Amino acid sequence: MKKSALLRKLSVTTCVVAASLSVSFAAYAGDWVEDGRGWMYRYEDGTYHYGWLELGNKWYYLDSSGHCVTNQSMTINGRSYLFDENGVMQDNGWNHTDKGWYYLNYQGVKQTGWHLIGGKWYYLDPNQDGLMLTGWQNINNTWYFFYDSGDMATGWLNNYNGHTYYLLSDGAMATGWVNIDGGRYLFNSNGEWIPDSDGGQQQMVTETEELLYNQALEDMTWDEVESLANRFYVNFGSTPADAIAKLNLVRKQEKLSDLQFSTKLTKSAYALCITQRAWGFEGSYDFDETDNLEYETALKIFDAESLALDVTIARGATLNDALNTIIGTQRGVDMLSNAKADTAGVGFIRSAENGDYIVVVYTGRSGN
């Protein structure tokens, strides 16, 4: 630690008792001395300094043993400070340590929480002494992304770990349907953009399709339902097959062959899902209930009447929860254990009410 003899009149100030220290030591000069543990500041009368010390417009802190704090962070009177290898308190801006970056105000206090610096937002983690965060971070139950430089991302985040995301103007990760520059885009619960099957730009939702989201079945035409069901099927084409694989766990327990993916039943399931999203469904369908005609119409628009054997609906906070609800009910087990069934279709959509998943499962005979 490089120290020069300072034979000058000393002005000493502390954060807590500035006046008393300046009076006590203003008349004495002092010098740095080193022992086996580090550096200390000794006055001409042989006494040592403790606490804050200002020399040459630089601040030092000498702990309860009189040794200068060096190369570390230290909490003093409830505030966190950073000292370099020479014991000089750091202040006014960014400072890097082996743990990462910190931001210090003009008094040398480490800052925490949200800070707008140079026109960009940063988050300095209060749980890590103000460490600047990078990458994906969940802050108060909202996901944000921070670049390696620490500034918060907004707008499109392309090809990150093979996916594309969108961060709203406040930095929050987008999920569900979002209006962006005149278009309407869909993001799953992980924030991943779900593009059209050709990888192109998500189609803008038309006014007719908006009607399907918000009005009851009697206000819809089935041509409109078919159009929207087809588009949902395009967007989620691989996921219904994954859902069917989960449902086949019941079939395996019953030593029955797996249900195979059916395009017609899947599109019918989406059509029924869409109408239930607008209605806010309650309960489940039963083929024996003649007053429940929606499931029949959903089959007709995709020419799937001859295939279907049974249908059920469930709701869950996640797709997996809804599927578990079906598997966990006797009705669901009976439907999936039907030896006559060898195909299935699964449709799912987010609820208009609270964002839960509505899931429809059709089982049927062989066919596409």
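The values are calculated or read from the model by the stated rules, or taken from the named source; none is laboratory data. Not measured: the values here are computed from a predicted model. In this analysis, Cβ positions are derived from the backbone assuming ideal geometry, glycine residues included, and neighbour counts consider all displayed protein chains. Side chains included, ligands, DNA and RNA excluded: accessible areas come from the protein's heavy atoms. Shrake-Rupley method; radii C 1.70, N 1.55, O 1.52, S 1.80 Å.
Answer yes or no as to whether residue 136 is open to solvent by 20 Å² or more (accessible area, probe 1.4 Å) and at pLDDT 95 or above. Here the answer is yes, as residue 136 does meet what is asked. Taken over segment 26-71, the residue count meeting the criterion of being in contact with a strand residue (DSSP E or B) (Cβ under 6 Å, 6 or more places away or on another chain), free of Cβ contacts under 8 Å to residues at least 12 places away in the same chain and under 17 Å from residue 83 (Cβ atoms) is 0.
Pick from segment 175-194 the residues that are in contact with a strand residue (DSSP E or B) (Cβ under 6 Å, 6 or more places away or on another chain), more than 16 Å from residue 135 (Cα to Cα) and not in a strand (DSSP E or B): which of them is modelled with the lowest pLDDT? Only one residue tops the list, namely 194.
Each residue in segment 148-169 was checked for being touching a strand residue (DSSP E or B) at 6+ places or on another chain (Cβ under 9 Å), assigned to a loop (DSSP other than H, G, I, E, B) and open to solvent by 60 Å² or more (accessible area, probe 1.4 Å), and 5 pass.
For segment 39-78, the strands (runs of 3 or more DSSP E) that sit wholly inside it and include 2 or more residues that are open to solvent by 40 Å² or more (accessible area, probe 1.4 Å) are 58-62, 72-76. Taken together, the criteria place residue 130 among residues that are in contact with a strand residue (DSSP E or B) (Cβ under 6 Å, 6 or more places away or on another chain) and either closer than 18 Å to residue 103 by Cβ or surrounded by 15 or more Cβ atoms within 10 Å (Cβ to Cβ) (or both).
The test for being part of a strand (DSSP E or B), open to solvent by 40 Å² or more (accessible area, probe 1.4 Å) and aromatic (Phe, Trp, Tyr) holds for residue 103. The residues of segment 106-127 that are open to solvent by 80 Å² or more (accessible area, probe 1.4 Å) and under 25 Å from residue 63 (Cα atoms), listed by number, are 106, 107, 127. Cβ separations smaller than 7 Å between residues 6+ apart or across chains give the following pairs from segment 299-311 residues that are part of a helix (DSSP H, G or I) to residues that are open to solvent by less than 30 Å² (accessible area, probe 1.4 Å): 299/268; 299/308. Residues in segment 330-356 that are part of a strand (DSSP E or B), modelled with pLDDT under 80 and open to solvent by less than 30 Å² (accessible area, probe 1.4 Å): 349 alone. Filtering segment 79-99 down to residues that are over 33 Å from the mean Cα position of the chain (by Cα) and either surrounded by 18 or more Cβ atoms within 10 Å (Cβ to Cβ) or touching a residue at least 24 places away in the same chain (Cβ under 8 Å) (or both), which residue is farthest from residue 131 (Cα to Cα)? Among those residues, the one meeting the criterion is 86.
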